[in-house]
Amino acid sequence: MIRRFAKAVALFSLLTAVMTWPQVVQLGTAASRHEDVFFNMWRLGWVAHALAKSPARVLDGNIFFPEPRTLTFSDAMPVESVLATPLLWSGVQPVLVHNLMLLGGIVLSGAGIFVLAASLTGSTTAGITAGIVFAFVPYRFDHYMHLELQWTVWIPWAFWALHKTFDSGSLRDAILLAVFTALQFMSSVYYGIFLCTLLAVCGLLLLCGRARKEIPSRARALTTAGIVAGLLIAPYVIPYAITRQSVGPRPEEQLGMFSARAASYRAATETNYLYGERSLRLGRPERRLFPGILPMLLAVTGLLLAAVSDEMIMYLVGLVVAFEMSFGLKSYLFTFLYHHVPAFDGLRAPARLGIFAIFFLAVLAANGQSILEQALSRRMRYALASCIAAVLVVEFWVAPLPLTGYASSPPPLYAWLATQPTGVVAEFPIPEPTTLPGNEPRYAYMSTFHFMPLLNGYSGYYPASYLARLERLKGMPDDTALQTLVGAGVRYVIIHTAFYRPAATHEIVSALESHSRFRELGRFDDEFGTAVVFAAR
């Protein structure tokens with residue numbers, strides 16, 4: 001199996017390079033044009049920094065000073081961050097590390113479901129089909145800026161271990177199932193919560209299909225897997241539970257914005273070669289869940305042409321459950337979980353369950369292809385597989401991807417700041433609560449070149465203390481704003497003049513120059529123009 005997996009990694013590395021072109025030739029310089037790319041690089045950089053300096057405080061990111069546990073305002077991505085840490089420690093450029101982690105998630109997801117589908121169907125070519133579907137559907141490109149959402153790496157392995165557990169009843173396989181589930185949880189909290197839910201549903205289905213004498217041993221194995229997974233996840237979940245007490249649940253209106261609609265499963269991204277123009281009127285970001293026409297045809301073929309195994313019934317039911325839950329509060333199951341399971345009321349985007357619907361569909365499509373192949377000669381099987389792969393590539397084609405450049409080295413401003421005594425930094429302009437995020441994601445990323453505490457910040461949640469401070473700072477440079485900076489213990493105030501009109505720049509700089517508590521330290525290139533730096537006396 002290891003050799004087969006290695007070959008799958010090589011194949012999906014090549015396919016990923018083709019499907020995400022020209023990313024492979026701009027690995028160290030460019031990424032998707034989105035503020036979350038800055039956020040990704042900040043998270044990776046902060047974890048690497050904290051593991052070297054103060055591992056016990058790894059969740060206390062330097063943004064939103066003085067808030068604790070700031071990584072828990074979003075997905076901390078511990079698995080991706082730990083994997084990235086040796087690269088960052090060895091001096092690999094942060095943009096390159098980011099892109100390797102992002103593309104690695106796609107490659108390993110494709111290779112993982114290849115192993116699962118090939119083992120279930122006995123067909124290598126059907127496994128490749130499952131991998132193409134899972135790795136390159138429009139959902140992937142809709143979330144190309146979301147590093148943690150590309151890390152569906154452990155989902156196939158969790159289901160592979162689930163099947164092994166039912167085949168053997170072994171506690172060893174159950175523990176393996178727990179480990180893969182925990183790894184997925186710590187790669188993406190969203191996917192971890194969804195995976196636990198769907199594994200419970202699928203496990204119960206498989207349990208119902210076992211012979212009566214086998215049920216006790218399988219039930220014990222599943223219980224063991226649940227307990228071990230809980231123990232592995234608990235140290236990571238507890239800080240999130242503490243944070244939830246202060247931030248509260250997601251409002252129902254927000255869930256409505258990011259829940260699937262019926263049209264979502266007909267919507268691709270606007271860059272999709274075949275369906276992009278049609279999709280512009282069907283979907284919006286987070287609601288582009290089109291799985292492709294051919295995967296659906298293959299899945300239906302497999303269900304109609306042969307006796308359906310317990311495993312395929314499970315994948316069909318899993319698909320239906322994931323599809324239904326993706327509708328959020330218009331879903332019966334998600335609504336129940338939202339009101340009764342605390343973790344679910346913190347999830348903003350139920351539509352992300354769409355990737356699980358696609359996962360189940362990919363396995364069903366592989367099953368359909370394997371059934372078609374059984375009636376063909378070897379040469380015809382390879383011809384069929386080649387045609388299917390070619391059609392899927394055309395259906396999912398989006399290249400060339402729109403990319404933009406990111407800095408891997410600090411502009412002079414931040415290189416200078418890194419040499420100064422540690423102190424709290426506040427960067428302006430700062431957005432109002434109604435205009436977030438402004439330049440906050442870039443400020444967070446640039447802080448990875450000095451790692452000083454930062455008044456600014458960007459995340460999935462904004463703490464109440466930060467939002468209240470924005471209200472007090474929106475009149476900058478009035479007395480309220482200046483007293484807020486002094487009261488917050490700010491040491492360095494950075495004014496990015498390129499983002500202000502000349503008159504506003506003059507007003508702010510003059511107010512700081514004339515204030516008894518601030519003095520100018522210098523003027524530096526910030527990549528966009530001149531930044532004026534003041535220090536609190």
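The values are calculated or read from the model by the stated rules, or taken from the named source; none is laboratory data. Remember, it's a predicted structure, so these values are computed and weren't measured experimentally. Quick reminder, even Gly has a Cβ in these numbers, built from the backbone with ideal geometry, and neighbours come from all protein chains shown.
I need the full set of residues from region 504-527 which are over 22 Å from GLN420 (Cα atoms) and either within 39 Å of the chain's Cα centre (by Cα) or touching a residue at least 40 places away in the same chain (Cβ under 8 Å) (or both), in order please. Those that are over 22 Å from GLN420 (Cα atoms) and either within 39 Å of the chain's Cα centre (by Cα) or touching a residue at least 40 places away in the same chain (Cβ under 8 Å) (or both): ALA504, THR505, ILE508.
Considering only residues of region 254-263 that are out of contact with any Ser or Thr (no Cβ under 8 Å at 6 or more places or on another chain) and buried (at least 17 other Cβ atoms within 10 Å of the Cβ), which is farthest from ALA343 (Cα to Cα)?
At the first step, the residues of region 254-263 found to be out of contact with any Ser or Thr (no Cβ under 8 Å at 6 or more places or on another chain) are 254-258, 261-263.
In the following step, the residues that additionally are buried (at least 17 other Cβ atoms within 10 Å of the Cβ) were identified as 255, 258, 261.
Numbers: LEU255: 14, PHE258: 17, ARG261: 23 Å.
Ranking the qualifying residues of region 254-263, first place goes to ARG261.
Picking from residues in region 500-529 that are of a type in the set (A, V, I, L, M, F, W, C) and within 27 Å of PHE451 (Cβ to Cβ), the one that is surrounded by the fewest Cβ atoms within 10 Å (Cβ to Cβ) is PHE528. Could you list all residues from region 219-246 that are surrounded by fewer than 16 Cβ atoms within 10 Å (Cβ to Cβ) and more than 30 Å from ARG172 (Cβ to Cβ)? Passing the criteria: ALA241, ILE242, GLN245, SER246.
Tallying residues that are more than 13 Å from ILE358 (Cβ to Cβ) and in a loop (DSSP other than H, G, I, E, B) within region 285-316 yields 7. Is there a residue being farther than 25 Å from ALA241 by Cα, in the same structural domain as SER119 (by TED's automatic domain parsing) and out of contact with any helix residue (DSSP H, G or I) (no Cβ under 7 Å at 6 or more places or on another chain) anywhere in region 314-325? Yes; the residues of region 314-325 include at least one that is farther than 25 Å from ALA241 by Cα, in the same structural domain as SER119 (by TED's automatic domain parsing) and out of contact with any helix residue (DSSP H, G or I) (no Cβ under 7 Å at 6 or more places or on another chain). Taking region 386-499 as the region of interest, the strands (runs of 3 or more DSSP E) fully inside it that hold 1 or more residues being outside the structural domain of ASP525 (by TED's automatic domain parsing) and surrounded by 15 or more Cβ atoms within 10 Å (Cβ to Cβ) are 403-405.
For region 152-174, indicate whether the set of residues that are in the same structural domain as ILE355 (by TED's automatic domain parsing), assigned to a helix (DSSP H, G or I) and in contact with a Gly (Cβ under 6 Å, 6 or more places away or on another chain) is non-empty. So far as region 152-174 goes, yes, one or more of its residues are in the same structural domain as ILE355 (by TED's automatic domain parsing), assigned to a helix (DSSP H, G or I) and in contact with a Gly (Cβ under 6 Å, 6 or more places away or on another chain). Listed by first and then second residue, the pairs with beta-carbon distance under 6 Å, at least 6 apart or on different chains, first residue in region 104-131 and assigned by TED's automatic domain parsing to the domain that holds TRP151, second assigned to a helix (DSSP H, G or I) and among the hydroxyl-bearing types (Ser, Thr, Tyr), are ILE106/THR16; VAL107/SER13; VAL107/THR16; ALA118/THR124; THR121/SER370; SER123/SER370; ALA126/SER370. Here is the figure for region 71-103: residues that are assigned to a loop (DSSP other than H, G, I, E, B) and either within 20 Å of PHE449 (Cα to Cα) or not acidic (Asp, Glu) (or both) total 7.
Suppose the filter is in a helix (DSSP H, G or I), in contact (Cβ under 8 Å) with a residue 12 or more places away in the chain and either of a type in the set (Lys, Arg) or not assigned by TED's automatic domain parsing to the domain that holds GLU148 (or both); does ARG210 pass it? No; evaluated as a whole, the condition is false for this residue. Evaluating SER187 against the criteria (1) surrounded by fewer than 20 Cβ atoms within 10 Å (Cβ to Cβ); (2) farther than 13 Å from ALA343 by Cβ leaves one unmet condition, (1). Among residues of region 20-49 that are among the aromatic types (Phe, Trp, Tyr), those with a beta-carbon under 6 Å from a residue that is outside any helix (DSSP H, G or I) at least six positions away or on a different chain give the pairs TRP21/ALA399; TRP21/PRO400; PHE39/TYR458; TRP46/GLY61.
Does at least one position in region 345-366 carry a residue that is closer than 30 Å to THR125 by Cβ, within 20 Å of the chain's Cα centre (by Cα) and not in a helix (DSSP H, G or I)? For region 345-366, residues closer than 30 Å to THR125 by Cβ, within 20 Å of the chain's Cα centre (by Cα) and not in a helix (DSSP H, G or I): absent.
Which members of region 122-151 meet the condition of being in a helix (DSSP H, G or I), polar (S, T, N, Q) and either closer than 18 Å to CYS387 by Cβ or touching a Phe, Trp or Tyr at 6+ places or on another chain (Cβ under 6 Å) (or both)?
Going residue by residue through region 122-151, those that are in a helix (DSSP H, G or I) are 124-136, 138-142, 147-150.
Cutting the leftovers down to polar (S, T, N, Q) gives us 124-125, 129, 150.
Matches in region 122-151: THR124, THR125, THR129.
Any residue in region 475-499 that's at positive phi: show its pairings with residues that are assigned to a strand (DSSP E or B) and of a type in the set (Gly, Ala, Ser) at Cβ separation under 9 Å, as long as the two are six or more apart or on different chains. Close Cβ pairs satisfying both conditions: GLY489/ALA536. Looking at PRO285, PRO251, just one residue is of a type outside the set (Ser, Thr, Tyr), surrounded by fewer than 21 Cβ atoms within 10 Å (Cβ to Cβ) and free of Cβ contacts under 8 Å to residues at least 12 places away in the same chain, and that residue is PRO251.
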